[in-house]
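*Asks:* This is the structure, below, for whatever I ask next.
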Amino acid sequence: MAEEKQDKFVMNFEATERPDRPPQGYYDSIKAKFAEQRELRLGYRPPGTEMYRDLDGAMADLARDPYADDWVGRDAIVDSKDDVVDVLFIGGGFSALLTSARLREQGVESIRIVERGADVGGTWYWNRYPGVACDVVAYDYLPLLDEMNYVPTRHYAQGPEIFAHCQAIATKYDLYDLAVFQTTVTSTVWDEESEQWHITTDRGDSMRAKFVVCANGTLAKPRLARIDGMEKFSGHSFHTSRWDYDLTGPDLENLGNVRVGIIGTGASAVQIIPNLGKHAKSVHVFQRTPSSIDIRDDWETKDEWASKLEDGWQSRRRAKIVSKLREQAERKATLRGGITREEKIRRQENNNIDAMMRIHKRIDDTVEDEATADALKPWYMLMCKRPCFHNEYLPTFNRPNVHLVDTQGEGITEIGTSGPIFAGVEYEVDLLIYATGFEVQQTGIYNRIVGEHGVDLDEKYDEGIRTMLGIHTAGFPNLFIMGGYQASFQFNLTDLLQVQGDHIANCVAHARAEGYDTIDVTPEAEEWWVQEVIAYRGTTTRNQECTPGYYNFEGQENRRQDGNYNGGFPAYIDHIAAVEADMDSRFVFTSG
Ligand code: NDP
């Protein structure tokens with residue numbers, strides 16, 4: 001059911017025409033309101049991400065890992081040049097896990113994961129807030145289900161099940177043996193003489209590896225809004241990815257007498273707020289921009305369905321999704337021949353607006369107080385921000401203890417000792433939760449990466465990101481990047497990661513089989529991909545028209561190559577296959 005709905009959702013972006021279409025003036029007036037709301041928000045903001053800050057300085061306590069009992073002491077690891085691991089992963093989330101599984105299948109024995117958390121899991125290690133779950137169908141999202149012989153217990157898996165799946169993968173593929181936790185990689189430097197990567201960490205380690213995979217995730221580093229006075233707040237506070245269960249109790253049972261404030265209404269907050277509503281004395285939700293909240297069709301996996309699944313069911317399911325995407329691309333191409341580009345965009349936008357108005361209607365049908373209902377309505381094209389799916393979020397605002405403080409695009413700009421201040425009112429709270437999200441897609445997050453001839457990756461990217469497939473970047477041999485810019489965008493991120501992981505394992509296996517010490521993309525192949533990314537970006541003005549958010553660089557202009565590859569996932573898969581079929585012309589290999 002939900003898959004059908006998800007399909008319909010994608011269909012909204014197709015240029016099909018409705019027979020009962022309202023007059024164009026109706027759509028134009030809604031689009032004008034979208035533009036007005038965007039301008040309103042941009043008027044309040046400093047450019048780009050300047051309005052966000054790290055969990056450091058006076059707020060450094062918020063970065064503490066509440067899930068690890070202790071900071072486990074250990075001696076620094078010092079690898080000699082003769083004692084190096086084959087592949088070192090920076091980050092221990094799904095990128096590392098599913099690539100490691102493929103590397104093991106290819107016979108790679110020494111794999112080391114270096115991870116900031118105290119276990120594998122990445123996103124699913126850190127995000128343990130009440131209600132945490134994934135909006136992508138679990139049978140697609142959880143990777144390696146065939147290999148793990150596992151069927152998720154629900155249509156949409158909850159956080160603990162996904163985290164346990166990560167741990168099970170690490171156990172099955174013996175990834176714990178060499179893994180190093182509670183450790184942050186601070187530099188990754190290519191040693192030209194030994195043709196090895198030299199990795200240092202915040203624990204004094206000096207590690208060495210033949211191959212390095214930047215598997216640090218796309219939304220790994222929590223951020224706070226920059227708000228005057230935040231350090232003066234006298235109550236407790238934490239970020240959603242550092243949930244303090246000692247304070248709230250495992251089932252939020254300690255919140256009965258606690259007045260809670262939560263800043264932000266993105267995908268994390270949407271899952272948290274219904275639980276706060278049920279348990280806290282009062283909840284004040286400080287909203288800058290509402291999320292779109294669609295229906296969530298969830299159910300327990302039926303035994304009779306699961307028991308009939310045959311070996312290889314997940315890979316067949318994934319192949320089917322890719323073939324559906326191909327059909328969709330073909331349909332679009334056919335349609336493109338019949339109508340003008342302007343007409344196509346007009347129809348797509350109108351369909352998108354229809355979908356958003358359906359979401360507005362759901363709000364009106366659910367939320368009793370008219371002013372609150374109005375304030376919860378998103379005024380932007382669907383997909384300008386991460387769409388959310390929840391059945392309890394909207395009804396939560398009918399509870400007498402839950403209050404929406406709609407800042408109408410301005411956001412909270414001041415916090416007093418008792419709580420957030422808006423329009424001259426200080427809202428007194430005992431606990432303040434920052435649901436303000438994460439920094440986006442930095443390859444070298446926390447970590448300085450230096451390639452051949454001492455070139456710093458950040459310096460190389462100064463003039464624009466340059467990669468092939470988002471995975472290889474010239475001058476950084478034996479380095480692979482996962483999930484970053486210039487890769488294809490997939491709503492189901494693990495689809496993309498698996499495709500990248502398979503490719504990385506194939507590259508490593510190829511180099512090993514041929515006796516090569518290094519593999520590096522040629523400058524020509526890199527240039528080909530940069531041009532491919534540019535060709536598919538900016539074909540619509542959509543990004544410039546969207547309300548600001550992390551999908552469009554917070555409304556800031558950016559270089560055309562500094563984003564995802566928009567040629568479609570099937571085309572991305574085809575490009576990878578073509579590269580693998582002709583490795584010698586895309587890469588420079590060296591040996592001995
Ligand atoms: P987001 O970046 O999506 O949300 C941050 C929120 O904080 C926004 O609502 C933002 O408002 C708000 N904000 C920032 N500063 C202020 C301020 N000064 N005053 C008031 N509000 C403010 O972070 P999330 O952690 O919610 O989600 C991050 C991503 O993680 C998601 O997009 C998704 O990809 C993933 N995720 C997926 C889930 C799922 O599968 N269901 C669940 C949770 C997360 P504004 O919109 O105006 O910028």
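The values are calculated or read from the model by the stated rules, or taken from the named source; none is laboratory data. Everything numeric in this text was worked out from a predicted model, so none of it was measured. No Cβ is skipped: glycine too gets one built from the backbone with ideal geometry, and neighbour counts run over all protein chains shown. Accessible surface areas use protein heavy atoms only, side chains included; no ligands, DNA or RNA. Shrake-Rupley method; radii C 1.70, N 1.55, O 1.52, S 1.80 Å.
*Asks:* Just checking, which of GLN544, GLN500, GLN531 is without any contact (Cβ under 8 Å) to a residue 60 or more places away in the chain and closer than 30 Å to GLU452 by Cα?
*Replies:* Exactly one residue qualifies, and that residue is GLN531.
*Asks:* Of all residues in segment 240-283, which are within 16 Å of the ligand (Cβ to nearest atom), over 12 Å from THR396 (Cβ atoms) and in a helix (DSSP H, G or I)?
*Replies:* Within segment 240-283, THR240, SER241, ARG242, ALA267, SER268 qualify.
*Asks:* Test PRO66 against the stated conditions and say whether it is open to solvent by 30 Å² or more (accessible area, probe 1.4 Å), outside any helix (DSSP H, G or I), at pLDDT 95 or above and over 21 Å from SER194 (Cβ atoms).
*Replies:* For PRO66, the condition - open to solvent by 30 Å² or more (accessible area, probe 1.4 Å), outside any helix (DSSP H, G or I), at pLDDT 95 or above and over 21 Å from SER194 (Cβ atoms) - is met.
Let's see how each residue does on (1) modelled with pLDDT under 95; (2) not hydroxyl-bearing (Ser, Thr, Tyr):
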| position | (1), (2) |
| --- | --- |
| LYS324 | yes, yes |
| ALA333 | yes, yes |
| LYS361 | no, yes |
| LYS377 | no, yes |
| TYR380 | no, no |
| THR396 | no, no |
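*Asks:* Also, quick follow-up: When residues of segment 207-239 are filtered for being away from the ligand (no atom under 16 Å from the Cβ) and in contact with a His (Cβ under 7 Å, 6 or more places away or on another chain), how many remain?
*Replies:* 1
*Asks:* Looking at ILE295, ILE359, which is the one that is farther than 30 Å from GLY43 by Cα, within 16 Å of the ligand (Cβ to nearest atom) and of a type outside the set (Asp, Glu)?
*Replies:* Testing whether each residue is farther than 30 Å from GLY43 by Cα, within 16 Å of the ligand (Cβ to nearest atom) and of a type outside the set (Asp, Glu) leaves just ILE295.
*Asks:* For segment 146-160, check the following and say yes or no: at least one residue is of a type in the set (Lys, Arg) and either at pLDDT below 95 or farther than 27 Å from SER268 by Cβ (or both).
*Replies:* no
*Asks:* Moving on. Is it the case that segment 333-352 has a residue that's closer than 30 Å to PHE286 by Cβ and open to solvent by 80 Å² or more (accessible area, probe 1.4 Å)?
*Replies:* So far as segment 333-352 goes, no, none of its residues is closer than 30 Å to PHE286 by Cβ and open to solvent by 80 Å² or more (accessible area, probe 1.4 Å).
*Asks:* Sort out which residues of segment 274-300 are open to solvent by less than 50 Å² (accessible area, probe 1.4 Å), of a type in the set (A, V, I, L, M) and over 16 Å from ARG128 (Cβ atoms), and write them in order of number.
*Replies:* ALA280, VAL283, VAL285, ILE293, listed by residue number.
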